[in-house]
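Student: Sending over a structure as structure tokens; questions will come in a sec.
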Amino acid sequence: MIQRLATLLITLYISISLQAQDKKKPGFTKEEFRARQEAYLTQKAEITQEEATKFFPIYFELQDRKKTVNDKAWEQARARQPVESKPQPWRS
């Protein structure tokens, strides 16, 4: 009886785990986000389609460059070894 219950629980656990992995990540893809961002900013800034056509390629290029710099900075920060903290005399 206990063996059947254990088998049932393990089977249930595995099936729930597999179902949880099949779900799509919440949020937007990069393209979906940018399309929504472009529409929102175009509306709020009240710019024309011609202005938007000139502005957004430059804006998204800047965003990509900022992400590259940020990713590199985080990579370097994670690669550093932690420094041992020495007790400071004024923090006694």
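What follows is calculated from the coordinates using simple rules that are stated; it is not laboratory data. Remember, predicted model here, so these are calculated numbers, not experimental data. Positions of Cβ are backbone-derived with ideal geometry, glycine not excepted, and every protein chain shown enters the neighbour counts.
Student: Across segment 36-49, in residue order, what do the Karplus-derived ³J(HN,Hα) couplings come to in whole Hz, using 6.51 cos²θ - 1.76 cosθ + 1.60 with θ = phi - 60° and x for Gly and Pro?
Tutor: Karplus-based 3J(HN,Hα) across segment 36-49 equals 5, 5, 4, 5, 5, 5, 4, 5, 5, 7, 6, 9, 6, 5 Hz.
Student: Rank these for me by crowding, 28, 56, going from fewest to most other beta carbons within 10 Å.
Tutor: On the way: 28 12, 56 17.
Exposure proxy ranking, most exposed first: 28, 56.
Student: If you don't mind, there's one more thing I want to ask. What ranking of 2, 58, 47 emerges when the number of other C-beta atoms within 10 Å of each C-beta is taken as an exposure proxy, fewest first? Can you show the working numbers first?
Tutor: Numbers: 2 6, 58 9, 47 15.
Listed from fewest to most nearby Cβ atoms, that is 2, 58, 47.
Student: DSSP loop (so not H, G, I, E, B), at most 16 other Cβ within 10 Å: list which GluC sites (Glu not before Pro) in segment 27-79 pass both filters.
Tutor: Those satisfying the criteria are 46.
Student: Turning to a different aspect of this structure: What ³J(HN,Hα) values, in whole Hz, does the Karplus curve 6.51 cos²θ - 1.76 cosθ + 1.60 give for segment 60-70 when θ = phi - 60°, with x put for Gly and Pro?
Tutor: So the Karplus estimates, Gly and Pro as x, are 5, 5, 4, 4, 5, 5, 4, 5, 4, 5, 5 Hz.
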